[in-house]
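Down below is the structure, laid out as structure tokens.
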Amino acid sequence: MKTLITNIGELTTNAPTPEHAEGGGDLRGTLHDAAVLIDGDRIAWVGPAADAPDADETVDAEGRALIPGFVDSHSHLVFGGDRAAEFEARMQGQKYAAGGIRSTVAATRAATDEELRIRLRGFLDEMLAQGTTTVEIKSGYGLDVATEERLVRLAAEVTPEVTFLGAHVVPAEYADRGDDYVELVTGEMLDACAPHAKWIDVFCETGAFTVPQSRRVLEAGIARGLQPRVHASQLGPGEGVRLAVELGAASIDHGTYLTDDDVTALAGSETVLTLLPGVEFSTRQPYPDARRLIDADVTVAIACDTNPGSSFTSSMPFCIAVAVRDMRMTVAEAIHAATAGGAAALRRTDIGRIAPGMRADLVLLKSQSRVHLAYRPGVPLVDAVWKDGVRAV
Ligand code: NIG
Ligand code: FE
């Protein structure tokens, strides 16, 4: 089955145009009056609408903008309950602290698989409607062997990008015995969870896990064939970023408080810095300066970090708008970070760009310009979504 989307007013391919190599064009690979041919689950052809090949069906984009599907490389979607009261108190001045995670752990342990599954699928539906076609999902609200195993298993039902985050925080029953808990995470819990996961993650932060504990967790995961990614420098500066770079992590996420040494280490590395604008928005923390990172040649991604504590948005357009408004990114940079950047943070080469051979994950906007994603915050701007070549919205 071949579908041609034609009459695209503004196509963001993320594939640098040939003119770019000659000093013209643009790095985002923007084409006007363009068309995209989908064949099965892949993109077969991209070019000027006037040269488009034949297809079984044609969709007229009527001059609107088409972008790659968003790659949301950081979420915590399997949990019970919510923390609306905590958010309300925070808006009245209370500080965000890692300890709030424990209240979600209690609600998650009490939930059945079916309750968690229905909730999870609801979040995925709302994400798809907002243009997200790939999502990474972490465990981390179980913190015992049986519940962590349930969370990674449920996540694996809906995405290949599953992250085992048993080292999210030390659970109440291990209070003051953090090293014993790390023993459990790197032993029995890892044994139970590794078969369902691709990634290993740790919250390397004051109030969560120390640098030596984080290293133990990541190295144990690597030894089991999982690939590392790290939550770090969210609540204050620390050594988590450099640990992540040293271990070849695909991404370090948050980076709210980065030192110059962190930026230098990231710039010379394969590790992506994943910005989570919803977190600073919802916790009233200072926004990190994306300009400083981009100007230093650090690869950046934008993700929602959907979770009941620090960022309960599932909207990539909202995160793009905040990143542009408060992190000093251009709109084109923010969209690139939310698509190609997310793909890099997941080490995926089949998504995040619109080019022949890539997965046909596409978002048609209601507007003629991608700028509306930041210019019209909070407004539903997604007209249609294709996931693996299938019209999903
Ligand atoms: O990514 N930083 C640690 N974990 C989550 C927050 C979890 C929570 O507060 O429930 C995050 O922000
Ligand atoms: Fe997170």
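The values are calculated or read from the model by the stated rules, or taken from the named source; none is laboratory data. These figures come from a predicted structure and were not determined experimentally. Neighbour counts run over all protein chains shown; Cβ positions are idealised from the backbone, glycine included.
Taken residue by residue, region 251-260 has no member that is touching a helix residue (DSSP H, G or I) at 6+ places or on another chain (Cβ under 6 Å) and away from ligand 2 (no atom under 13 Å from the Cβ). Name the residue, out of R90, R83, that is within 24 Å of the chain's Cα centre (by Cα) and assigned by TED's automatic domain parsing to the domain that holds G278. Only one candidate passes the filter, namely R83.
Quick one: is V182 under 17 Å from R215 (Cβ atoms) and either over 25 Å from the mean Cα position of the chain (by Cα) or at pLDDT below 95 (or both)?
Considered against the rule, which asks whether it is under 17 Å from R215 (Cβ atoms) and either over 25 Å from the mean Cα position of the chain (by Cα) or at pLDDT below 95 (or both), V182 comes out as yes.
Filtered by the rule that a residue be in contact (Cβ under 8 Å) with a residue 24 or more places away in the chain and either over 17 Å from G342 (Cβ atoms) or in contact with a Cys (Cβ under 6 Å, 6 or more places away or on another chain) (or both), region 245-264 gives V245, L247, T256, Y257, L258, D262, V263, T264.
Scanning region 2-47 for residues that are part of a loop (DSSP other than H, G, I, E, B), of a type outside the set (D, E) and at pLDDT 95 or above turns up T13, N14, G40. Listed by position, the strands (runs of 3 or more DSSP E) enclosed by region 285-393 that each have at least 2 residues that are assigned by TED's automatic domain parsing to the domain that holds T133 and among the β-branched types (V, I, T) are 300-302. Residues in region 273-286 that are more than 12 Å from the chain's Cα centre (by Cα) and within 14 Å of ligand 1 (Cβ to nearest atom) were compared, and the one that is surrounded by the fewest Cβ atoms within 10 Å (Cβ to Cβ) is R284. Within region 143-169, being of a type in the set (D, E, K, R) and either out of contact with any His (no Cβ under 8 Å at 6 or more places or on another chain) or not assigned by TED's automatic domain parsing to the domain that holds T132 (or both) holds for D144, E148, R150, E157, E161. Can you tell me which residue within region 304-333, out of those that are without any contact (Cβ under 8 Å) to a residue 40 or more places away in the chain and of a type in the set (S, T, Y), is farthest from ligand 1 (Cβ to nearest atom)? Here the residue is T330.
In region 129-141, the residues that are within 14 Å of V152 (Cβ to Cβ) and modelled with pLDDT under 95 never reach a residue that is acidic (D, E) and buried (at least 24 other Cβ atoms within 10 Å of the Cβ) with C-beta atoms less than 9 angstrom apart, at least six apart or across chains. Among the residues of region 70-93, is any touching a strand residue (DSSP E or B) at 6+ places or on another chain (Cβ under 6 Å), of a type in the set (G, A, S) and either over 30 Å from V382 (Cα atoms) or buried (at least 16 other Cβ atoms within 10 Å of the Cβ) (or both)? Checking region 70-93: at least one residue is touching a strand residue (DSSP E or B) at 6+ places or on another chain (Cβ under 6 Å), of a type in the set (G, A, S) and either over 30 Å from V382 (Cα atoms) or buried (at least 16 other Cβ atoms within 10 Å of the Cβ) (or both).
Residues in region 48-65 that are assigned to a strand (DSSP E or B) and more than 26 Å from the chain's Cα centre (by Cα): P48, E57, T58, V59, D60. The one condition from (1) of a type in the set (V, I, T); (2) surrounded by fewer than 21 Cβ atoms within 10 Å (Cβ to Cβ); (3) over 18 Å from S314 (Cβ atoms) that V182 does not meet is (2). Screening D289 against (1) crowded, with 24+ Cβ neighbours inside 10 Å; (2) closer than 30 Å to Q94 by Cβ; (3) more than 16 Å from ligand 1 (Cβ to nearest atom) leaves a single unmet condition, (1).
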